[in-house]
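Asker: Handing you this structure, nothing more for now.
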Amino acid sequence: MREVEELNLKVGYGIEGDINANPISPRQVLVVRYEDIVDLGIPPGELRENIVIGGIKAENFTPGSLISFDNGGTIRLTFYCEPCKRVAHLVDSLKKIQYRRGILGVIINSGTINIGSNVRIQTDKFPALSEKPYERFLDFIVKVPSGKVVTYKQIIEAIGVDNSYMRAIPIYLKKTSADDYPIHRILDSQGYLIKYVPDQKNKLEFEGVEVLNNRYLNNQSNIYFIDIEKYLYSNQTIYLN
């Protein structure tokens, strides 16, 4: 991480020039309280945060809050950043920084912030996102409308987890009720239908999605897939309100 004097916040994107910027991610930015890193004895930047703010009480620094800067830029805080192996060398135990590694967020209004910018926080302006990835998975898939589909890769981005969670998606599917959640609208990252969803082909076709197939000549089996460019669900505003 490198220190800069100015950051450009872009609504529906993240921080301008940030390699991790993603329009559908709930973790476009990581905000840390100055008081916390001082108490922990950790230098700025070591927690891989984007922004350090001071003068905010701990009880007000919570997911669901709205951070506003004097230039008009605002950030919705979504959920606590989980301690992980990337910062494990900084403390004796990761438990020491549980709920003190900062809070992730999305840009609600664009603006440029500078060192010394005034900041204020309003609590309970938005629903806090769950700390549990599976709960965020459920919250996301219910937003996918009839006639649209999402892929594993898109889910990973939208629930704000590392790519290593890709192998967790089949586990999520197996324990999620197809009667209560539209899991038939989920495809693998290449756009193929998945074996963990009952009657997926018929359900998609009923919703107007054209299901195509590749026939493998060696075993004569049908492999069904969707033209994801045509049917992919795209909504860059899911965390903006």
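Asker: Output yes when any residue across the stretch 201-219 is open to solvent by 30 Å² or more (accessible area, probe 1.4 Å), within 23 Å of I24 (Cα to Cα) and of a type outside the set (A, V, I, L, M, F, W, C), and no when none is.
Answerer: no
Asker: Does any residue in the stretch 189-202 that is in a loop (DSSP other than H, G, I, E, B) come within less than 7 Å, Cβ to Cβ, of a residue that is open to solvent by less than 70 Å² (accessible area, probe 1.4 Å) and charged (D, E, K, R) six or more places away or on a different chain, and which pairs are these?
Answerer: Listed by first residue and then by second, the contacts come to L193/K201; I194/D188.
Asker: Another one. Among the listed residues G64, G55, G12, which satisfies the condition of being surrounded by fewer than 14 Cβ atoms within 10 Å (Cβ to Cβ), at positive phi and part of a loop (DSSP other than H, G, I, E, B)?
Answerer: Step by step, each of G64, G55, G12 is checked, and only G55 is surrounded by fewer than 14 Cβ atoms within 10 Å (Cβ to Cβ), at positive phi and part of a loop (DSSP other than H, G, I, E, B).
Asker: Being crowded, with 21+ Cβ neighbours inside 10 Å and not in a helix (DSSP H, G or I) is true for just one of V161, V150. Which residue is that?
Answerer: The unique qualifying residue is V150.
Asker: Kindly provide the set of residues from the stretch 130-140 that are open to solvent by less than 70 Å² (accessible area, probe 1.4 Å) and either of a type in the set (D, E, K, R) or more than 15 Å from Y165 (Cβ to Cβ) (or both), ordered by number.
Answerer: R136
Asker: To continue, here is another question. Identify, from the list K85, K125, K143, the residue that is without any contact (Cβ under 8 Å) to a residue 12 or more places away in the chain and either open to solvent by less than 20 Å² (accessible area, probe 1.4 Å) or part of a loop (DSSP other than H, G, I, E, B) (or both).
Answerer: K85
Asker: In addition: Let me spell it out: the conditions are (1) assigned to a loop (DSSP other than H, G, I, E, B); (2) surrounded by fewer than 18 Cβ atoms within 10 Å (Cβ to Cβ); (3) touching a strand residue (DSSP E or B) at 6+ places or on another chain (Cβ under 7 Å), and V4 meets all of them except one. Which number is the exception?
Answerer: The failed condition is (3).
Asker: Mind checking which residues of the stretch 27-44 are out of contact with any Phe, Trp or Tyr (no Cβ under 7 Å at 6 or more places or on another chain) and either part of a helix (DSSP H, G or I) or open to solvent by 20 Å² or more (accessible area, probe 1.4 Å) (or both)?
Answerer: R27, Y34, E35, D36, I37, V38, D39, L40, G41, P43, P44
Asker: Look at the stretch 91-111 and say how many of its residues are touching a residue at least 24 places away in the same chain (Cβ under 8 Å) and either of a type in the set (F, W, Y) or open to solvent by 50 Å² or more (accessible area, probe 1.4 Å) (or both).
Answerer: Result for the stretch 91-111: 4.
For every residue, the table says whether it meets (1) at pLDDT 95 or above; (2) closer than 10 Å to V106 by Cα.
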position: E3; (1), (2): no, no
position: E6; (1), (2): no, no
position: L9; (1), (2): yes, yes
position: G12; (1), (2): no, yes
position: I19; (1), (2): no, no
position: P26; (1), (2): yes, yes
position: V31; (1), (2): yes, no
position: D39; (1), (2): no, no
position: I42; (1), (2): no, no
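The values are calculated or read from the model by the stated rules, or taken from the named source; none is laboratory data. As the structure is a prediction and not an experimental result, all values here were calculated from the model. Glycine gets a Cβ as well: all are built from the backbone with ideal geometry, and neighbour counts include every protein chain shown. Note: accessible area is taken over every heavy atom of the protein model, side chains too, but ligands, DNA and RNA are not part of it. Shrake-Rupley method; radii C 1.70, N 1.55, O 1.52, S 1.80 Å.
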